[in-house]
Number of protein chains: 2
Amino acid sequence: MNWLDSVKFDEHGLIPAIAQDAVTGRVLMVAWMNREALALTAERKEGVYWSRSRRKLWHKGEESGHIQKVKEIRLDCDSDVIILQIEQVGGIACHTGRESCFYRRLDDNGQWQVVDAILKDPHAIYESPKHEH
Amino acid sequence: MNWLDSVKFDEHGLIPAIAQDAVTGRVLMVAWMNREALALTAERKEGVYWSRSRRKLWHKGEESGHIQKVKEIRLDCDSDVIILQIEQVGGIACHTGRESCFYRRLDDNGQWQVVDAILKDPHAIYESPKHEH
């Protein structure tokens, strides 16, 4: 049995995939994979996702150079979430130029606060300042 | 503006929420929240989710005692994924009796391998041996 047959993709043929820094444990981003993206991720050992906005395969880093070297792939008990242990090249996973996409924290006053710094101007990361997603 | 209005729930009114151990950084589980579950999570500072299978609010630990004390709530750049930093009471997040739901790893031969131990028999965790999800 092919390992991909154990994976439960949703009604859109997608599964959420968490990218976690293999060394620090920081959760860097969550994106979606279809079967082909997951197969390519395992084959190349680099993060490949399905861009829901662009409706095409998205080899993370294809524009920014911020590719993800995949050290480990895990599946959860319900077979409907993937987690990758990665090395994030460039140290920036988020299209805003931050290390992680999870840079807003809910404070005690019920406000989302931006708590992480921009490490690199997105205009300097992408030739055209668009979403990589 | 209410902080909940910044959160993008999907076409089912849900958002995926990652529960990460606040101390070790281990990703323990991913479950879904509707607006009410997220509001309750913030209010009680305990993990409350929406059970898609039972179609009702699920206060994690309500059967098992394995509640989640929430230390921090973050939102990602697209406002469509939540991450919680938690203390997992009992040290078991998975209904299989394991610390984490992510206990299967893809090996070099293209097989999912169970690599984490069962810490407690699920029959001893739940009065009736059913899925808590």
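Considering all C-alpha pairs of chain A, those separated by over 18 Å amount to 55%. Over the protein assembly as shown, all Cα pairs binned in 10 Å intervals from 0 give whole-percent P(r) values of 7, 30, 37, 22, 4, 0, listed from short to long. In nanometres and ascending order, the distances from the A:Glu63 label point to those of the other copies are 4.5 (point 7 Å from Cα along Cα→Cβ).
Other protein chain C-beta atoms within 10 Å of residue C-beta, averaged over B:36-49: 0. With its label point defined 7 Å out from Cα along the Cα-to-Cβ axis, B:Ser6 lies at 3.9 nm from the matching points of the other copies, in increasing order.
Within 13 Å, Cβ to Cβ, of B:Thr41, how many net charges do the neighbouring residues add up to if Lys/Arg are +1 and Asp/Glu are -1?
+3
For A:Lys60, a cut-off of 20 angstrom between C-alpha atoms picks up these lysines, skipping any fewer than 8 places away in its own chain: A:Lys45, A:Lys69, A:Lys71, A:Lys120, A:Lys130. With the label put 7 angstrom out from Cα along the Cα-to-Cβ vector, B:Ile118 ends up 5.2 nm from the copy partners, going from closest to farthest. If you average the alpha carbon positions of region A:1-36 and of region B:27-51, how far apart do those two centres end up, in angstrom? After rounding, the separation between the Cα centres reads 21 Å. Between the Cα long axis of helix A:35-44 and the first principal axis of chain A there is an angle of about 80°, rounded to the nearest 10.
Loop only by DSSP, 10 or fewer other Cβ within 10 Å of the Cβ. Give me the trypsin sites (Lys or Arg not before Pro) in region B:1-58 that pass, ordered by residue number.
Working: sites: B:Lys8, B:Arg26, B:Arg35, B:Arg44, B:Lys45, B:Arg52, B:Arg54, B:Arg55, B:Lys56; in loops: B:Lys8, B:Arg26, B:Lys45, B:Arg52, B:Arg54, B:Arg55.
Listed in order of number, the matching sites are B:Arg55.
Chain B residue nearest the rotation axis toward A, with distance: B:Gly25, 1 (Cβ to axis, whole Å).
Any aspartates and glutamates with Cα under 12 Å of the B:Lys8 Cα? List them, leaving off those in the same chain fewer than 8 positions away. Of all the aspartates and glutamates, those that pass the test against B:Lys8 - Cα under 12 Å, at least 8 places apart if same chain - are B:Asp76, B:Asp78, B:Asp80.
Here, each number is a calculation from the coordinates, and none is a lab measurement. Bear in mind the structure is a predicted one, so any value in this text is a computation, not a measurement. Please note: Cβ atoms are built from the backbone with ideal geometry, for glycine as well, and neighbour counts cover all protein chains shown.
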